[in-house]
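Q: First the structure, then my questions, so here it is.
None of the figures in this text is laboratory data; all of them are computed from the coordinates on show. Predicted model only: the values in this text are computed from it and were never measured. Because the Cβ atoms are built from the backbone with ideal geometry, glycine has one as well, and the counts that use them run over all protein chains shown.
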Amino acid sequence: MTFFNEMYHDGEVRPPYARLEGWTRAMPAELRQMKQAEAEALFRRIGITFAVYGEGGDPDRLIPFDMFPRVFTQDEWRRLERGIKQRARALNAFLVDVYGRGEIVRAGRIPGQLVYRNAAYEAAMAGFVPPRGVFSHIVGIDIVRTGPNDFFVLEDNCRTPSGVSYMLENREIMMRMFPALFRENRIEPVDSYPERLRRTLASVAPAKCAGEPTVVILTPGHFNSAYYEHSFLADLMGVELVEGQDLFVEGEFVFMRTTEGPKRVDVIYRRIDDGFLDPLCFRPESMLGVPGLMDVYRSGGVTLASAPGAGVADDKAVYVYVPEMVRFYLGEEPILPNVPTWQCGQREDLAHVLEHLPELVVKEVHGSGGYGMLVGPRASAAEIAAFRDRILADPDSYIAQPTLALSTVPTFVAEGLAPRHVDLRPYCLVGERVELVPGGLTRVALREGSLVVNSSQGGGVKDTWVLAE
Amino acid sequence: MILSVQHRTTYRYDRPVRGVVQSHRLTPSVFDGQRTLGWQVGLSEGIRGGGFRDGAGDWVQGWSVRGPVGEIVVLVQGTVETADLSGVLRGHREAIPPEAYLRETATTRADRALAELGLEAAAGLADALAAAHRMCEAVAGAIVWRPGATQAATTAAEALARGEGVCQDHAHALIAVARSRGVPARYVTGYLFAAPGEGPQEAAHAWAELWVQGLGWVGFDPANRCCPDARYIRIGSGLDARGAAPIRGIARGNGAEHLDVDVAVQAVQQ
Amino acid sequence: MLSRTADNLYWIARYVERAETAARLLEVGARIALLPSAGQGYRNEWESILQASGTAAGFARKYGDPVQRNIESYLFFDRDNPSSVAACIGRARENGRIVRTALTAQMWDALNTAFQEMRALERRPRSEMELSQLTEWTMRHAAMLRGAIEATLLRNDGYDFLNIGFALERADNTARLMDVKYYVLLPRVEFVGSGLDNYQWTTLLRAMGAHRAFHWAYRGEVTAAKIAHFLILNRQCPRALITCAEAASQHLDRLAAAYGMRGAVQDRAARLVADISRLTVEQVFEEGLHEYLSRFIGEIAALASLVDDSYLSGDIW
């Protein structure tokens, strides 16, 4: 398998990387090591750490940061941006539809059972249209590249995509350490993200809110692995970071407990899962949420972002139908294609998958974080056999995709620069407007040859540049 | 028929609690089989919260009580004019498609015995309505009505294994059997007027609705071996008893809670 | 400000102050143990240290006899002991992490550095460390946090909650430290006024870092009356009960002004200050030092509980 190297292609340096070539040449190994140590110290001082689910070990571990940036031209970005916005619109239209009249199901464009029997479908949302018809206010769309003009959407994240703090911090640290680079290259800024996020959330304030809406971020608490990101965003947005215990319902509204007495809350950017939001409506044993929250929400006293049940749009089995959503709701052709996907729940697809397991990547429909996944070309015969049994036991729960030739970007390793595989997660904001900052989070698989970029699986991050014209 | 309802639920706390939040589904459904003549729901010292009609067509009303409080009372009073539609839920508006009622829950999961019960009752029957009646009869025959035999958390499978239960168990079992046959089914709560000495005396009652192609939702009450008629007042529905619970609530505090329920349904002389 | 944020800030201060007290207690114990006649005729002085810190029962369950080395471990390193230096530093830093964005970079640095260094200390063999190094280490880090607060934090309500925490914890701790000396160390009346007694009083002053300050302020012979005056009634002494009570009251008044809301908690603090201001050493000894201190500790607890009800619990309507 050959891989597209985003910097060196056909024996030449591709134009967006032209200036970086000289930069790395001029950087001796000692300086590089010094800078790397400086970057790490900066991250630690700021407090950015990432605890990995279920791995134990050091809760203050850092996500490895690679100093070599990933670069897009303005043209490349414009296409990505149009494709991402189109997708974010279609996903929201789909959510409004399936919790409303379900036209797309009635039209036979997506099987009803995939939607209505899906674990992520929330009957408690049926018949409700959230403010401005937005269910998913921050859509994280994972994109992979296989060639100069070949971009594919790998998956959608409509609930609470994480990682945006790394996008912001990576940039901050690069600008502090290499100011000259930012003078030589004209790089689009990303630092307006928190303010745009705040504006997006304020724009979906509920009907009963008069005046400037009060926005808060709801976190499961400081033991959560993404707590740093929650507090970082709250700080940059200038809003309170609350836990469920800080909020309570009285009458038609939600209030937060402050030292000056109760203060009404209008928009809750929640970073806790649907099931924990309200013990009266969802899991009764949950202590993380706010009793009575859903009644206030549905009667227009508060807005939840994202809306409960938004996950039915980013389910891996539903993913296959997103291009169809684009056509159905927007009457457009998808700008960014899906990765070809086989659904093991369908008989012909299953046969194909079982026959080609060593070449395919098989994913659990409800899995995330790179767990519960088979990478055929890297798996042993025994692992493949074991996974075959799992698929056969519950075919509906698996999809398969070809092993993608993920593009590479030069990355600093012990011996100098070496190509490593990357993906991209931009964050699209959906409120009064649909917008995104020029950039995103580039994740890089640091192990040689590895195609798994998840931070829980040894992935790192890079600063992502979009060059101005 | 004109039925009047008086339904009082009292919560007492060992030690005063700092506050209470409740969510009520206590208002009669709107459909061709019943017309509400007057209806009031009150919560002692309660602050009325937001209300809305949910995807299943039920009116949901939020409430909160500011503590400290040692006792609260939910009082439901009203009068409804009912008609016998042979269980058919005609003219009811809702947003959740029947397909969503094929999802199983912990209390309505069909084990092998429930699935077999469904198979024996309905296998080979092309007529969906006839099959639904047969399933209802099968459940009624397999579970004897016996108050106190089961608890709120008893599953359909457990009730069938015991062979006895109350209306909640009958409804759960019928739902499990129907879903195992690919028939959407749901739990319905309401009130039942029963003349003295006439069958199970459960004024706060529950039954099941099954989706019958061509008719829509149709009620079946295995506890009384019939379809809901003019003696029934329909209130709300859900995937199971927990999902359809007329009162859900949480008190902030650590006093133990004692519950006391008193329901009376009477026929109004015309 | 969120009630929970205020609560976290308040507890950062209390835990740091408490860590410092644990270290000071260790210092007192070590110095008294150096005295040749120690242990004679009355209970082991180390035991009294445990009594004073309220950890005697926990220690007895875990170790049995009070041996100096075990007590050092228990009061400094042991996370099973909620009042140990390590436990307090750990919880102060955890509270800090929760409200990271309400702290300045320098404050976070001070908390985080203390925590990281503590972890390094825990990994070193105990034989390499003198007790005095450990106590000095604790004071240094507490001072760094205070310095960071004074130098960098906005004078907003968060600043007040931190200082209320410091003041209440310190008032409680000074009272307890005095009580060790007078009640636990020396239960028998014939020792009062003896050379041993004065040595112990001096040790107490040293442990509070107030030894030289005391001599500047009073000169001459060390007497119980002078020390009681210094530690209870002298506004120049940073650890004196009156100093702590006034600090708590001032910061509560600042909150009342900022929020435009005055309540029971301000009144109670003002009454406490007024009471101490009118007090004389003679009255203290008339009541009995131990009795007075117990009453004062109760007053501080009541005030802390009012702070909790008024601001930290969020249960106000």
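Q: Long-range amide H contacts for B:Trp217: which residues qualify at under 5 Å (H placed 1.01 Å from N, peptide plane, sequence gap of 5 or more or a different chain)?
A: For B:Trp217, whose amide H was placed from the backbone, the distant partners under 5 Å are B:Leu89, B:Val212.
Q: A follow-up question, please. Measure up A:Lys85/A:Lys208; A:Lys85/A:Lys462; A:Lys35/A:Lys85 against 31 Å on the Cα-Cα distance and list the ones that go over.
A: A:Lys35/A:Lys85
Q: Take the alpha-carbon centre of the range B:156-230, take the same for the range C:281-307, and report the distance between them in whole Å.
A: The distance from the Cα centre of the range B:156-230 to that of the range C:281-307 comes to 68 Å.
Q: Would you mind giving the mean number of other chain beta-carbons within 10 Å of the Cβ of each residue in C:98-109, as a whole number?
A: Taking the mean over all residues of the peptide, I get 3.
Q: Determine one quarter of the surface area of the Cα convex hull of the range A:112-163, which equals its mean projected area, and express it in nm² to one decimal.
A: Computed as one quarter of the Cα hull surface, the answer is 5.9 nm².
Q: Within chain C, which complete DSSP H helices have Cα atoms spanning at least 24 Å along the helix axis and a mean Kyte-Doolittle hydropathy of 0.5 or higher?
A: For chain C, where a helix must reach 24 Å along its axis and average at least 0.5, the hits are C:289-307.
Q: If you place +1 on the Cβ of every Lys and Arg and -1 on the Cβ of every Asp and Glu, how big does the dipole about the Cα centre of the range B:85-243 come out, in debye to the nearest 20?
A: About 240 debye.
Q: Relative contact order for chain A: what percent, with Cα pairs under 8 Å and sequence separation of 6 or more?
A: 24 percent
Q: Between B:Ser237, B:Ser44, B:Ser86, which gets the highest mean-square fluctuation from a Gaussian network model of chain B, Cα cutoff 10 Å?
A: B:Ser44
Q: If you take the charge dipole of the protein assembly as shown about its Cα centre, with +1 on Lys and Arg Cβ and -1 on Asp and Glu Cβ, which of C:Ala151, A:Val204, B:Phe220 is farthest toward its positive end?
A: C:Ala151
Q: Provide the FRET efficiency to the nearest 0.05 for the A:His356-A:Arg44 pair, computing r from the beta carbons and using R0 = 60 Å.
A: Between A:His356 and A:Arg44 the formula returns 0.85.
Q: Let me ask something additional. C:Arg271 versus C:Glu291, label points 7 Å from Cα toward the beta carbon: distance in nm?
A: 2.1 nm
Q: Restricting things to Cα coordinates, could you compute the convex hull volume per residue of the range A:78-180 in Å³?
A: Value for the range A:78-180: 162 Å³ per residue.
Q: Between C:Thr280 and C:Ser305, what FRET efficiency follows from the Cβ-Cβ distance if R0 is 30 Å, with the result rounded to 0.05?
A: That gives a FRET efficiency of 0.60.
Q: Mind running the shape call on the protein assembly as shown? Use the C-alpha gyration tensor, a ≥ b ≥ c as the square roots of the eigenvalues: rounded below 1.5 for a/c, prolate if a/b tops b/c, oblate otherwise.
A: oblate
Q: Classify the range C:226-317 as rounded, prolate or oblate, taking a ≥ b ≥ c as the square roots of the eigenvalues of its Cα gyration tensor: rounded when a/c is under 1.5, otherwise prolate if a/b is larger than b/c and oblate if not.
A: It is prolate, given that a/c is not under 1.5 and a/b is the larger ratio.
Q: Using only alpha carbon positions, build the gyration tensor of chain C, then give the equivalent ellipsoid semi-axes as the square roots of 5 times its eigenvalues, largest first, whole angstrom.
A: Equivalent ellipsoid semi-axes, largest first: 31, 26, 17 Å.
Q: So what are the three principal axis dimensions of chain A from its Cα atoms, in whole Å, longest to shortest?
A: 66, 58, 45
Q: Would you tally the net charge around B:Asp54, using a Cβ to Cβ cut-off of less than 14 Å, leaving B:Asp54 out, and scoring K and R as +1, D and E as -1?
A: Once positives and negatives cancel, what remains is +1.
Q: Let me ask you something else. What is the dipole size for the range C:1-152, taken about its Cα centre, with +1 at each Lys and Arg Cβ and -1 at each Asp and Glu Cβ, in debye to the nearest 20?
A: 380 debye
Q: For q values of 0.10, 0.12, 0.14, 0.19 Å⁻¹, compute log₁₀ I(q)/I(0) with the Debye formula on a Cα-only model of the range B:1-147, without solvent.
A: -0.58, -0.80, -1.00, -1.21
Q: Right, next: Would you mind checking the range C:68-97 for residues with the amide N under 16 Å from a putative spin-label position 7 Å along Cα→C-beta of C:Ala33?
A: C:68-78, C:85
Q: Which GluC sites (Glu not before Pro) from the range B:185-270 combine a DSSP loop assignment with at most 13 other Cβ atoms within 10 Å?
A: Passing sites in the range B:185-270 are B:Glu198.
Q: So which helices of chain A fit the span-like rule, where a helix is a whole DSSP H run, its Cα atoms reach 27 Å or more along the axis, and its mean Kyte-Doolittle is at least 1.6?
A: none
Q: Can you give the charge dipole size of the range B:182-255 about its Cα centre, rounded to the nearest 20 debye, using +1 on the beta carbon of Lys and Arg and -1 on the beta carbon of Asp and Glu?
A: It works out to roughly 320 debye.
Q: Take the alpha carbon atoms of the range B:48-117, find their center, do the same for the range C:71-145, and report the distance between the two centers in whole angstrom.
A: Computed from Cα coordinates, the inter-centre distance equals 55 Å.
Q: Can I ask one more? So, counting K/R as plus one and D/E as minus one, what does the shell of residues with Cβ under 11 Å around A:Pro410 add up to?
A: Surrounding charge for A:Pro410 is 0.
Q: Inside 10 Å of the C-beta atoms of A:293-306, what's the mean count of C-beta atoms belonging to other chains?
A: Counting other chains' Cβ atoms within 10 Å and averaging over A:293-306 gives 4.
Q: List, largest first, the extents of the alpha carbons of the range A:342-402 along their principal axes, each in whole Å.
A: 25, 25, 21
Q: Beta carbons within 10 angstrom, averaged per residue: use that to sort the peptides A:122-128, C:216-222, A:281-287, highest first.
A: A:122-128, A:281-287, C:216-222
Q: Let me ask you something else. Along the charge dipole of the range A:342-402, pointing to its positive end and built from +1/-1 on Cβ of Lys, Arg, Asp and Glu, which listed residue (A:Cys344, A:Ala379, A:Tyr398) has its Cα farthest out?
A: A:Ala379
Q: Moving on to the next point. Cα centroid distance between the range A:136-201 and the range A:369-417, in Å?
A: 26 Å
Q: Right, something else. Can you list residues whose amide H is under 5 Å from A:Arg117's amide H, if they're 5+ apart or on another chain and H is modeled 1.01 Å from N?
A: none
Q: Determine the percent antiparallel among the DSSP beta bridges restricted to the range A:207-301, to the nearest 5.
A: Restricted to the range A:207-301, the bridges split so that about 55 percent are antiparallel.
Q: Step through the residues of the range A:320-327 one at a time and calculate ³J(HN,Hα) from phi using the Karplus curve (6.51 cos²θ - 1.76 cosθ + 1.60, θ = phi - 60°), rounding each to whole Hz and writing x for Gly and Pro.
A: Using θ = phi - 60°, the values come out as 4, 9, 4, x, 5, 4, 4, 5 Hz.
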